[in-house]
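These notes are about the structure you will find just below.
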Amino acid sequence: MKTPSEINQALIAETDRIWLTEPEEIKRIRLGVFPSGVGSYGQYFSNLVFVNGDLRSLATWITPGMVVNILNDPEFSLAQCQKVFAWLNLVNVDFLAYCGLVKFAQFAHDIVEAAPLYKSKEEYQETIKLWYAYANRLYLWVHEMFPWGLGSAFPKVTEEDLQFMAEGMKDDSVAKHFEKYGPQLKELD
């Protein structure tokens, strides 16, 4: 089991390492290399969607707000804060490990395993802040590599487009054409 100090030092070192250099695990994901075989129907785009969404919620959105708020709330004990961190993160970090973010997941497990070694909420909060800083930086790499340009294949429909489509559905010229010429069509042998 790693000590809180060892975890903190490792988080700082890893965050510094990936600050300006794309992490190897992100490069693998970007290039579609998933040693676990995750993905369906011979594609990995859905993996990118899930990695982006899950890491975003873990690093910048849901769990940091919840965990940081309870750490700052005097009604929650250190043990309660540690349980909430584990409950909110472990399932998702293990899925992300399956997608290739093993180091990220290992840090979360290290924090959970070291729970008995923390002496105060303040000491625990220092580790949590470092983990979220690392997670946030990792997410920035995921956000950067996500193929956002694919969204151009799904343009928004305007009210004018909807009116045009509705009018187009009323056009009976194709039906009339085949009413007139359909009986004369022959299959080619």
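General remarks:
- Pairs with Cβ under 7 Å, 6+ apart, first in region 28-39 and closer than 16 Å to VAL102 by Cβ, second of a type in the set (Phe, Trp, Tyr): PHE34/TYR44; SER36/TYR98; VAL38/TYR98
- Meets criteria (within 26 Å of GLU113 (Cβ to Cβ), exposed (fewer than 15 other Cβ atoms within 10 Å of the Cβ), of a type in the set (Gly, Ala, Ser) and modelled with pLDDT of 95 or more) for ALA86: no
- All of VAL49, VAL33, VAL91 fail the test of being over 16 Å from TYR118 (Cα atoms), surrounded by fewer than 18 Cβ atoms within 10 Å (Cβ to Cβ) and in contact with a Gly (Cβ under 9 Å, 6 or more places away or on another chain), apart from VAL33.
- Neighbours by Cβ (under 6 Å, 6+ apart or cross-chain): first from region 2-20, closer than 13 Å to GLU123 by Cα; second of a type in the set (Val, Ile, Thr) and surrounded by 13 or more Cβ atoms within 10 Å (Cβ to Cβ): PRO4/THR127; ILE7/THR127; ASN8/THR127
- Scanning region 1-33 for residues that are in contact with a Lys or Arg (Cβ under 8 Å, 6 or more places away or on another chain) and either among the basic types (Lys, Arg) or not in a loop (DSSP other than H, G, I, E, B) (or both) yields a total of 5.
- Counting only helices (runs of 4 or more DSSP H) that sit wholly inside region 98-182, those with at least 2 residues that are over 23 Å from GLY39 (Cβ atoms), hydroxyl-bearing (Ser, Thr, Tyr) and over 15 Å from the mean Cα position of the chain (by Cα) are 121-145, 173-181.
- With respect to being surrounded by 13 or more Cβ atoms within 10 Å (Cβ to Cβ) and under 26 Å from LEU150 (Cβ atoms), PHE76 falls outside the description.
- Across region 64-89, the number of residues qualifying as free of Cβ contacts under 8 Å to residues at least 60 places away in the same chain and in a helix (DSSP H, G or I) comes to 18.
- Filter result (of a type in the set (D, E, K, R) and either surrounded by 10 or more Cβ atoms within 10 Å (Cβ to Cβ) or closer than 30 Å to LEU58 by Cβ (or both)) within region 143-189: GLU144, LYS156, ASP161, LYS176, GLU179
- Answer residue from region 98-125, given it is surrounded by fewer than 16 Cβ atoms within 10 Å (Cβ to Cβ) and among the acidic types (Asp, Glu) and is nearest to LYS2 (Cα to Cα) among those: GLU113
The values are calculated or read from the model by the stated rules, or taken from the named source; none is laboratory data. It should be emphasised that the depicted structure is a prediction, and the values quoted were computed from it without experimental measurement. Because the Cβ atoms are built from the backbone with ideal geometry, glycine has one as well, and the counts that use them run over all protein chains shown.
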